[in-house]
Structure formats: C-alpha cells, structure tokens
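The values are calculated or read from the model by the stated rules, or taken from the named source; none is laboratory data. Keep in mind it's a predicted model, so treat the numbers as computed, not measured. Counting neighbours? That spans all protein chains shown, and the Cβs are built from the backbone with ideal geometry, glycine included. What goes into the accessible areas is simple: the full protein's heavy atoms, side chains included, and nothing from ligands, DNA or RNA. Shrake-Rupley method; radii C 1.70, N 1.55, O 1.52, S 1.80 Å.
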Amino acid sequence: MPHTATVYVNIRLPSIEVCTLSNTTDSPSTHTSVPVWRANIEIFAIGLGALMAALAQTLILPVLPVISKDLGASTTQAQWLLTSTLLVGAAAVPVISRLADMYGRRPMLIVALGALVVGSVVAALTDNIAVMIAGRALTGLSGAAIPLGISLLVAVLPDARKGSAVALVSAMLGVGGALGLPLAGLVADNFDYRILYWIGAIGAVLSIGMILAFVGNPRGTRTGTIDLPGVALLVGGLVSLVLPLSQGSSWGWGSSKTIGLLALSVVLLAALVFVEKRTSNPLVDMHALSNPPVAITNIASVFVGFALFASFVGTANYVQAPEISGYGFGSSVLVAGLCLLPSGILMLVLAPVAAQLIKKWGGGYVLAAGGLVIAAGLVVRIFATGALWQIVLGATIVGAGTGIAYACLPTLINVHTPAADLAAANGINSLARSMGSTLASAVGGSLLAAITVTVGGTDIPSLGAYRVLFVICAVAAVLAAVAGIAISKMTAVSHNHELQNV
C-alpha cells in the first residue's frame, strides 16, 4: 500500500499554536491543520466517553444487594445486571470495531455511546428487573467506545499528540474500575443508586455532543459487505465462552451446562478461524491476528487484565472482611472503594509518562516494566497484611503498573497493524483485556470460595486464598513482562512505522 511520510510542524502564531499534519493513504485525517485547543477538546471528548463506558462495566457492582432489595429480585437476577453487559460487550466490541473500519470510526463511536445513553436511561426509569437487565445489556455496546476512541484519535490527531492521547484513553479501562467503586460506595451510602445510571447517561451525552462538534470524521478504510457468517460464529463462540465463565460458580464447574457451553465455544471459535481464513472480507482478519507481535500483545493483554482483577476484588472484598477473619478490617463499601482511588489516579497520571517512555524505550520494554511493577505490587499484597495503608500501597503499585501496561497495549497493536484495520485490531485487543478479567473472576471466585475459614457460622475466603490468588496474578504479570520483551525484538509494519515515535 502506498505511503506518504507524515510531517509534523509547530507554527507559532500570535493567537494560537497550529499543528500541521499531512494526509496519508493509510492514516486518513479529516483536516490538515489542528489547533492545539481543538486537539485538547478531541482528546477530552473521546476520553470522557471512554471513561463513561468503563464506569458502566463496574459502577453498579457494590449496589447489587440494594437493587435486589429495591426491586424484589433474587441474587441471581441481580447478577444478570452485570452478566448481560458483559455478554453483549464481548460479542459486540469486535463486530462494531470492524464496522467502524468499513463505515467510519466516528459514526460507530456515536452508536456505542448512544447505546450507553439509552440503556442507562431505561435502567434508571424502570422498576422491573427484566427491563433493567435489558437496559444494562444495551449498555454493553458501549464497550466498543475505548477501541473506537483509540483508532479515531490515531486518525485525527497530529503525530505529536497521538502517543499520550492513546495512552490516556487506553488507561480508562482500568481507571473506570478504580474510580467506579468509590463513587458507587459514596452514592450507595448517601443517595439513590439510580443516580449511578444517570451519571453514565449524562456523561455519554456530553461526550457525544463534543465529538459531533469538534472531532473529525475520517472516511472508512475498508470496502465490501458485512461478513455475516463470521458475525454469527464470533458472537456464538464468545457468548458460549463468557456465559459459563461468569456463571460457573453458581452452576457448578462440572455441570453439564458449563461443560457443554465451553465445548460449544471451542467448536464455534474453531469454525470461525476456518471460515475467516477463506473469506475475502473477514470480520476477523486471522492473518493479521496471527502476526506474532499482534498475537503476543493480545496474549499479554489477557495476562494484564487477569492481574488487574486482584487489585479490584482482592482489595474491595479483602478490606470489607470482618477483623475476626484474621486479615480484614471490617470496612464499609465506601472505604473499600477509597482504597482503590489512589490507583485510579495514578493510572491517569502515568498515562502521559508512559507515552514518553514508549518514545524512549519502545512499547515492548515499557510493557515489560509495567508487568514487573504489577508483580511487585502483588508481592506487597502477599506479605504486607497488618495495616490498611499496606493494602492501599500494594493496590496503588498494582494500579501504577496497570496504567503503564495499558498505555502500551494499543500502541503495540497500532504499530504492527495496517491502518485500514486499526479499529478492528484495537477491538480485539480490548476484548482480550476484558476476557482476562473475566477469566480471573472465574478462577478467583472459585478459589476464594474453595479456601475458606468459618467466622460466626459463615464461610468466608481465608487469607491463604487471597495469597494464592495474588501469586497466580503475579505470575500472569511476569508473563506479560516476558511478552513485552519478546515484542521489543520484532519490527513494526512499515506503513505504521511512524507511530512508534508518537
């Protein structure tokens, strides 16, 4: 594919600074002169949408018992408020991301955020658990906002701004979880839980308005028709995988339902690989996906997502355990959430720092550093258990490493992927991160339920259970670091080579 080198020039004018960016065949931009103030608004608008989408994934987790009591719903029904979002997100993100490459990244980003608005409003206004679940399912489409935002920023921003912007939006996946828990705790203790839905809806509306007003609309880079067989196989395979992972603890890991769905997912995903390799315009480009640096980056994403689980559940549930357990602090939901707040702030602060390190060292080595920092934080969690500040310290170190690692992942995907496939490639990477957390939830939930102590006639996870979980997550983080070192030895695709230096 022909390529024209991108030129970035700083021009000082009396009133504003203008960044000049030439159009290229592979990285279409809707304008060649981008004022600094406009670039800032573009980043803020897309970052806000990404944050709202990330919050939607975890914001209601602490208030599920309150919702269950308010609507007269069972615990299983209330759990579907999370499961429905997870299922729809897993199935929709790669599909919407591919459609963005075909029909435009901005329109599909608006669709994703619009689904968050409608789904949140439906959930906020209903008193029926089934309708609320439907609203939450609709919000699952917003999971595509982060990969779409990343690919859109790559298309519209000048080179000098891409690195830090991509790092910031990528970090939102972790920031949303870290900030969502204390926010939910604050609301649960003082206000109606439905405010949480309105926060997502209002934030998404503001993001949509700014995107329509200020963010360019680069043309689609893919031609052809929608790969319907690929869509059917991918959706069926992911739903068959995610559903038993999220419900296995209640169904039983050895139940016929769990094993049957997992077996079905293997069959459907294997069929997807077979079909997509023989399709002229595939939903999932298996040749690009099997490119070693892309494949290794996605595997590393699973490991990082897995390790991040320990920071959330291993902190929130841990500090809420009664003191008589031998490790807990009997903290409230709000205090448990506040323990994660420093890690969320560090993820935001370190995103631009990570972007600068990527310029200097390369994404692979920075990913390796992030993985090792995560592992160090988990080691603190294993051995330092005597005081609440030690728990916060360990969680904060994990958050710092996650922020660094998350900043690297889309950059590594971008420099090893043809520009025409950036949205789809980032969608798969975002899915890999989410699948890591889903897998960790399944493994961690079973582990914490299996290794218990009895307190007041009730079985709760033991300190040993948490330590085993932290060891497993630390190993995952080290494997992510090893993956980063392996990637650093590989060469980026030539027509995206300029992204290595942004």
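Quick rundown of the values:
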| read-out | value |
| --- | --- |
| Qualifying position, being more than 22 Å from the chain's Cα centre (by Cα) and under 19 Å from Gly427 (Cβ atoms), among Ile195, Ile226, Ile211, Ile150 | Ile226 |
| Among the candidates Met108, Met102, residue that is more than 25 Å from Ser441 (Cα to Cα), out of contact with any helix residue (DSSP H, G or I) (no Cβ under 8 Å at 6 or more places or on another chain) and either open to solvent by 10 Å² or more (accessible area, probe 1.4 Å) or modelled with pLDDT of 90 or more (or both) | Met102 |
| Residue count, the range 30-55 (criterion: open to solvent by less than 10 Å² (accessible area, probe 1.4 Å) and either under 17 Å from the mean Cα position of the chain (by Cα) or among the β-branched types (Val, Ile, Thr) (or both)) | 7 |
| Count - residues of the range 296-319 that are open to solvent by 30 Å² or more (accessible area, probe 1.4 Å) and modelled with pLDDT of 85 or more | 4 |
| Filtered residue count, the range 284-295, keeping only those that are β-branched (Val, Ile, Thr) and either open to solvent by 70 Å² or more (accessible area, probe 1.4 Å) or farther than 30 Å from Gly362 by Cβ (or both) | 0 |
| Within the range 232-267, tally of residues that are under 17 Å from Ala450 (Cα atoms) and among the β-branched types (Val, Ile, Thr) | 0 |
| Residue count for the range 151-208, restricted to those that are modelled with pLDDT of 90 or more and outside any loop (DSSP other than H, G, I, E, B) | 16 |
| Qualifying residue in the range 240-253 (condition: within 26 Å of Leu422 (Cα to Cα) and in a helix (DSSP H, G or I)) | yes |
| Complete set of residues in the range 449-481 that are of a type in the set (Gly, Ala, Ser), under 25 Å from Gly305 (Cβ atoms) and open to solvent by 30 Å² or more (accessible area, probe 1.4 Å) | Ala449, Ala450, Gly464 |
| Residue match in the range 76-89 (condition: in a helix (DSSP H, G or I), of a type in the set (Phe, Trp, Tyr) and within 19 Å of Leu241 (Cβ to Cβ)) | yes |
| Only listed residue being open to solvent by 30 Å² or more (accessible area, probe 1.4 Å), within 18 Å of the chain's Cα centre (by Cα), more than 14 Å from Ala477 (Cα to Cα) and in contact (Cβ under 8 Å) with a residue 40 or more places away in the chain, chosen from Leu346, Leu338, Leu357 | Leu346 |
| So Val335, is it of a type outside the set (Lys, Arg) and over 30 Å from Asn190 (Cα atoms) | no |
| Positions within the range 245-283 being of a type in the set (A, V, I, L, M, F, W, C), over 30 Å from Gly444 (Cα atoms) and crowded, with 20+ Cβ neighbours inside 10 Å, in sequence order | Leu283 |
| Count of the range 257-281 residues which are of a type in the set (A, V, I, L, M) and within 22 Å of Thr225 (Cβ to Cβ) | 5 |
| Helices (runs of 4 or more DSSP H) contained in the range 284-377 and holding at least 1 residues more than 19 Å from Pro461 (Cα to Cα) and of a type in the set (Phe, Trp, Tyr) | 292-320, 341-361 |
